[in-house]
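Right, one structure below, let's go through it.
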Amino acid sequence: MKYQDGRRVCNICRETAVDDNPAAAEAAREVAALLKRAGVIMDGLPLRIALADADEIRSQRGVRTDFSSSTGPSAGAVLGFIRCRTEIGTEGGGASLGPSVRRVVEGVTILQGLPREMFVGTLAHELGHAWLFLASVDDARPWQEEGFCNVLSYLIHRHRSQQGNAEASFYLRCLEEDPDPVYGEGFRRVRAQLKSYGYAQALRFIYERGRFPSA
């Protein structure tokens, strides 16, 4: 099948394609629940999931766009982005109290028509960017941020693979074998770091201190 934005998909991928908001919302609830079990708490982060075709995503300005890894399906394509902003105000209405800073994630946009397994992995990755933004992790190197976000994708695919999902196993291999220095090597470095530090302790450290723990 050929999509309006020029992408072509096979009938196998079309069977599980996420085409509308109800399907996206259902997948988002699953992803949020699995990430919460892993210790990535999304409380207070509204799961506003929007779908857009490739042309719409490419036309966006002023958003954090995110690229897929260099291997696997849709390699090099823009799969999603988050909309976020920082609001600066005044505490208590008095200038003497100094400025207050509030970070807001307005929502996540994902490429429409992705097969479900690719969709949930992409959504987990984008929620990773949102989580790091809310945690004020501003000085992470690209391989750290993208690697962390791919770790969240890995956790989702691993759970689904353990449930017998063959497509999830395929995406696990894509992550583990990706030669890209940012998305692939970054994923393996961050995964090893979080595992050695302890996932729960590492996540708490990152969220409370706004940086990754030392190796």
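Rule-based calculations on the coordinates, nothing more; no lab input. Remember, predicted model here, so these are calculated numbers, not experimental data. Cβ: placed from backbone, ideal geometry, glycine included. Neighbour counts: every protein chain shown.
Any idea which of VAL31, CYS174, THR16 is furthest toward the positive side of the dipole for the stretch 16-209, if Lys and Arg beta-carbons carry +1 and Asp and Glu beta-carbons -1?
Toward the positive end, the furthest listed residue is VAL31.
With everything on Cα atoms, drop me the angle between helix 199-209 and the longest principal axis of the chain, reported from 0 to 90° to the nearest 10.
40
With +1 on each Lys and Arg Cβ and -1 on each Asp and Glu Cβ, how big is the dipole of the chain about its Cα centre, in debye rounded to the nearest 20?
400
Over the chain, what per residue volume does the convex hull of the Cα atoms give, in whole Å³?
132
What percent do you get for the relative contact order of the stretch 16-209 when only Cα pairs under 8 Å and 6+ apart count?
The value is 22 percent.
Suppose R0 equals 35 Å; then what is the FRET efficiency for ARG103 and LYS2 from their Cβ-Cβ distance, rounded to the nearest 0.05?
Rounded to the nearest 0.05, the efficiency is 0.30.
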